[in-house]
Amino acid sequence: MEHGHEGHTGHEEHHDHGSAQSHEHRAPAHGAGGPASWGTAARATLHCLTGCAIGEVLGMVIGTALGWGNVQTMILAIVLAFFFGYALTLRGILTAGVDLRTAVRVALAADTLSIAVMELIDNGVIALWPGAMDAHLSEPLFWIVLAISLAAAFVITTPVNKWMIGRGKGHAVVHQYHH
């Protein structure tokens, strides 16, 4: 299948992941390398955002409950954001019948850059917003800045995911297991 693959060489190596799943090429919109739609990129970003938001909030709740400082709480929130981002992807891939080792590799390939960009933006907004780092969970400022930071992360990460999916990377790898 030549259309949609100009300049995309070496794709054959992605076909042997040790699973019984077929890696047939489908329409480029599914991430086989070609133009990716904004809708596909937004759905991939929303998927990552869900895991990041769960991890961020849980990390902040745990850090606050344990009386930790801002730095320790933020580190925990970032670790949990990656954990839940990967976990959501793993759940879908494992449901498709893929072995754990392959599923972990796919999740790492699909989500690492997306979550990293999202966490950089999200935590950057919170760190730079006056008073946000010291706001308590019971204060509206905490939730308002968190919502703004997650929205900014979504807006900035969506083009990154569109670019990656268009090159057969990121969530394009996951889509091979959903069909």
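No lab work stands behind these numbers, since they all come straight from the coordinates. Not measured: the values here are computed from a predicted model. Positions of Cβ are backbone-derived with ideal geometry, glycine not excepted, and every protein chain shown enters the neighbour counts.
Okay, here's what the table says:
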{"quantity": "Shape call, the stretch 98-179: gyration tensor on alpha carbons, a/c limit 1.5", "calculated": "prolate"}
{"quantity": "Pair ILE75, GLU139: separation of 7 Å Cα→Cβ label points (nm)", "calculated": "2.4"}
{"quantity": "5 Å-binned pair-distance histogram of the stretch 136-179 (Cα, whole percent)", "calculated": "5, 21, 15, 15, 12, 11, 9, 9, 3"}
{"quantity": "Label-point gap, in nm, between ALA127 and ARG101 - each point 7 angstrom along Cα→Cβ", "calculated": "3.7"}
{"quantity": "For PHE142, net neighbour charge (Lys/Arg +1, Asp/Glu -1) across residues whose Cβ lies under 12 Å away", "calculated": "-3"}
{"quantity": "5 angstrom amide H check on GLY168, placed H, neighbours 5+ away", "calculated": "GLY33, GLY34"}
